[in-house]
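Handing you this structure, nothing more for now.
Here, each number is a calculation from the coordinates, and none is a lab measurement. All figures in this text were calculated on a predicted structure; none of them were measured in a lab. Using ideal geometry, Cβ is built from the backbone for each residue, glycine included, and neighbour counts are taken over all protein chains shown.
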Protein chains: 2
Amino acid sequence: MLINTKKNTCFGNSLFFFVYQAISLRLCLVISFGLIIAGCAGNKTEVPVTSTDTTTTKGATDPLPSWNDGQTKTAITQFVERVTKAGGADFIAEKDRIATFDNDGTLWSEQPLYFQFIFMLDRVKAMAPQHPEWKTKEPYKTLLKGDVKAVLAGGEKTLGPLLLATHTGMTESQFKSTVKDWISNATHPTKKKKYTDLVFQPMLELLTYLRSNGFKTFIVSGGEISFMRAWAEDVYGIPPYQVIGTEFKLKYDVKNDTAVVERLPAINHVDDGPGKPVGIQWNIGMKPIFAAGNSDGDYEMLRYVTNGTGPRMGIIVHHTDSTREWSYDRKSSIGKLERGLDDAAKYGWVLIDMQKDWKIIYPFEKK
Amino acid sequence: MLINTKKNTCFGNSLFFFVYQAISLRLCLVISFGLIIAGCAGNKTEVPVTSTDTTTTKGATDPLPSWNDGQTKTAITQFVERVTKAGGADFIAEKDRIATFDNDGTLWSEQPLYFQFIFMLDRVKAMAPQHPEWKTKEPYKTLLKGDVKAVLAGGEKTLGPLLLATHTGMTESQFKSTVKDWISNATHPTKKKKYTDLVFQPMLELLTYLRSNGFKTFIVSGGEISFMRAWAEDVYGIPPYQVIGTEFKLKYDVKNDTAVVERLPAINHVDDGPGKPVGIQWNIGMKPIFAAGNSDGDYEMLRYVTNGTGPRMGIIVHHTDSTREWSYDRKSSIGKLERGLDDAAKYGWVLIDMQKDWKIIYPFEKK
């Protein structure tokens, strides 16, 4: 009785976010899902190497070669120079140089829908032979018939069971293997590239640039934490213990004399919106001085990180490039950016115009 | 409905642990609490500097000078040499060298009761002037009269409100300031030293030795996470984002245009016993290869970390020194060690005999 004052909020937030996500996915899926279903049968090839390094030597060359010169690039480099200038008024000790990055839409693409959702749908198909009962059980039945639109339109009632069936009920090491296998093989429905090819080259450079200036770089994402950890170190140079995300409840167990951690069918933390400052406090325990996001799910993180004494920087990746990537903001069902655009000037957040500020979008465009 | 399968476990574990802790405290308090009440009025002096460094240069000198030569010391140094020998059969890449340490009883003393509990009792006294209603309200009334024994004998019903009243209902930054102020001033009731003077010199050397060999060192403790983070970097050289502990629920809020994270009166995670492998998975996301503990609250962490392929090491600090520290194990109400002693040989865990293996216990004994 004493310590359960907030009992009912334990899952209330989770439900809210999943219902919200489900509803906001609808419009997008009406247009794009045929493509996804057709395009998700990947063939086995080598994992793309888009890894950043973790060296700490400063080069004399441009640390951000894929960024066009201009106000945005200058704002970033001037901020880093200010906080690293020994003896300067804005110097920040290395141990306090914490930078947090959203993942979907900030470090890699997120259209036509979150890549983790595509993983989820692929997993239902892959798992179906072991679940003959799904042929007659909803929402699996409808999904396996190919009517993804109907499944996603069903909101929490249909998406919830799919998420739990594909993301829980196994050990952490089993889930990691499954994600590694999928990410090594699956291809994006329209870009026809591996998902890890669809990371943003300018952001890889920014991660390396910050690290080479003594920053610790963290991911703070609404995506599921173990899904990201399975490949984030290879792709971004960010180790598992610097990845924060939405978490399931877990349980320690010993099975056949083997100690395991099992993934339970219940959400522990939704790392989105106001959940991001909470995830930052639980996992980092310090307020970062730099944050990067792209959607209103990052609003509270940007507000939290850029509010306080001393130099602070918030940047927003604005998806403005319908030719090389996608163009979307206020009206989008995925990665909606409205409050961020309205308040960027007020809070001094730097808007990155992808079309104007970035020479290339993806690593495979490098010449 | 979908994602609340485990709803009732959300606080069940917490209650169990607090009831357990409360009951096990009784015996100890009967004997020792008079001393504590008398001894907790600290006077302002300088914070003791017992900090370890984080340099990565290997020295030719003994890295563990406070450890007596013998099987225990050799087991540790041989393990480190095995996993760091490039080209060796047991070589482990630097990124996979993760070591986890319990705090209470492993890195600092924990008698006559957990130092965080002494903080809690001190806080009730310090906060009393702002809470005139406590004069007539239990359990505050009894505690403020000086009958600590009765309060702790009341178990969860009395300890729960005290914990919540002193640890929640403020922002994270306010709580951090409070802990920093207390830890800088309070003194141990019998040792008459600052609590941060009561860290184990041999373990400080072990932390530094592991870090100088490419390990990342984490705390994984049943203690409250923000309580430890307030001083762990100064004392152990372990940054906040490498401290894992019991967590309260948190809430993001903006008050007077200031973005804050508030501490709510509800437990989110109890990082003890089977909660330790869960805390490790959530916060580190990899299985460590080295773990150190001292009580049965560390049993599952030791079991989890030392179970698997490749070289792994588990060590247990056995409190055997009634002269220089305290001597206790199977029958102790604080830091009970029974399963660990029974199974150490079976699982290859190295027992550290404090009396025999350590030249000195505390940094202030250095000559």
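Note down the Stokes-Einstein diffusion coefficient of region B:194-340 in µm²/s, whole number, using a Kirkwood radius over alpha carbon pairs, 37 °C, and 0.692 mPa s. Before the final figure, lay out the partial values.
On the way: Rh = 16.9 Å.
The calculation lands on 195 µm²/s.
Shortest first, in nm, what separates the label point of B:N68 from those of the same position in the other copies (7 Å along Cα→Cβ)?
Nearest first, the other copies' label points are 7.2 nm away.
Now, a different point. Residues with amide H under 5 Å of A:K194's amide H, sequence separation 5 or more or different chain, H placed in the peptide plane at 1.01 Å from N; which?
Amide H neighbours of A:K194: A:H188.
If you count, for each residue, the other Cβ atoms within 10 Å and average over each peptide, how do A:99-110, B:237-248 line up from highest to lowest? Write down the numbers at each step before the final one.
Details: A:99-110: 25.7, B:237-248: 23.2.
Ranking, from highest mean packing down: A:99-110, B:237-248.
Per residue of B:248-256, count partner chain C-beta atoms within 10 Å of its C-beta, then hand back the mean as an integer. If you can, show how the numbers build up before the last one.
On the way: counts 3, 8, 9, 6, 13, 3, 5, 0, 0.
Neighbouring Cβ atoms belonging to other protein chains average 5 per residue here.
Give the cross-link partners of A:K192 among the lysines, using a straight C-alpha distance below 27 Å as the criterion and excluding same-chain residues fewer than 8 apart.
A:K44, A:K125, A:K145, A:K149, A:K176, A:K180, A:K331, A:K336, A:K356, A:K359, A:K366, A:K367
How large is ³J(HN,Hα), in whole Hz, for each residue of region A:232-239 in order, when computed from phi with the Karplus curve 6.51 cos²θ - 1.76 cosθ + 1.60 and θ = phi - 60°, using x for Gly and Pro?
Computed from phi, the couplings for region A:232-239 are 5, 5, 5, 8, 10, x, 10, x Hz.
Once R0 is set to 51 Å, what does the formula 1/(1 + (r/R0)^6) return for the Cβ-Cβ distance between A:T77 and B:D147, expressed as a FRET efficiency to the nearest 0.05?
Numbers: r = 63 Å, r/R0 = 1.24.
That gives a FRET efficiency of 0.20.
OK, next. So what are the radius of gyration and Dmax for the Cα set of region B:279-338, in Å?
For region B:279-338, the Cα radius of gyration and maximum Cα-Cα distance read 13.6, 40 Å.
Right, here's the next one. Can you compute the modelled spin-label distance between A:T309 and B:E133, with each label point 7 Å from Cα toward Cβ, in nm?
With each label point 7 Å from Cα toward Cβ, the separation is 3.4 nm.
Can you order the peptides B:276-285, B:253-262 by their average number of other Cβ atoms within 10 Å per residue, highest first?
On the way: B:276-285: 25.7, B:253-262: 13.8.
Top of the packing list down: B:276-285, B:253-262.
Now a separate question. Calculate the dipole size of region B:133-229 relative to its Cα centre from +1 charges on Lys and Arg beta carbons and -1 charges on Asp and Glu beta carbons; express the result in debye to the nearest 20.
Working: 15 positive and 9 negative charges, 46 e Å.
Rounded to the nearest 20 debye, it is 220 debye.
Would you tell me the mean number of C-beta atoms belonging to other protein chains that fall within 10 Å of each C-beta in A:302-312, as a whole number? Walk me through the numbers on the way to the answer.
On the way: counts 1, 3, 6, 1, 1, 5, 3, 0, 0, 0, 0.
Per residue, the number of nearby Cβ atoms from other chains is 2 on average.
Still on this structure, please answer the following. Quick query: amide H of A:A292 versus all other amide H atoms, modeled in the peptide plane; which residues come in under 5 Å with a sequence gap of 5 or more or a different chain?
When sequence neighbours closer than 5 places are left aside, the close amide H contacts are A:T100, A:F101, A:D102, A:I315.
Any idea what the relative contact order of region A:253-367 is, in percent, if you count C-alpha pairs under 8 Å spaced at least 6 apart? Display every interim value, and only then the final one.
On the way: 147 pairs, mean separation 22.7, N = 115.
Over region A:253-367, the number comes to 20 percent.
What order do you get for B:292-304, A:328-340, A:224-236, B:131-143 when each peptide is scored by the mean count of other beta carbon atoms within 10 Å, highest first?
Working: B:292-304: 26.5, A:328-340: 18.9, A:224-236: 23.0, B:131-143: 14.6.
The most tightly packed comes first, giving B:292-304, A:224-236, A:328-340, B:131-143.
So what J values fall out for region B:107-120 if you push phi through Karplus, 6.51 cos²θ - 1.76 cosθ + 1.60 with θ = phi - 60°, rounded to Hz, Gly and Pro as x?
9, 9, 5, 9, 10, x, 7, 3, 4, 5, 5, 5, 4, 4
Quick query: amide H of B:G222 versus all other amide H atoms, modeled in the peptide plane; which residues come in under 5 Å with a sequence gap of 5 or more or a different chain?
Those qualifying (amide H under 5 Å, at least 5 residues apart or on another chain) are B:N103, B:D104.
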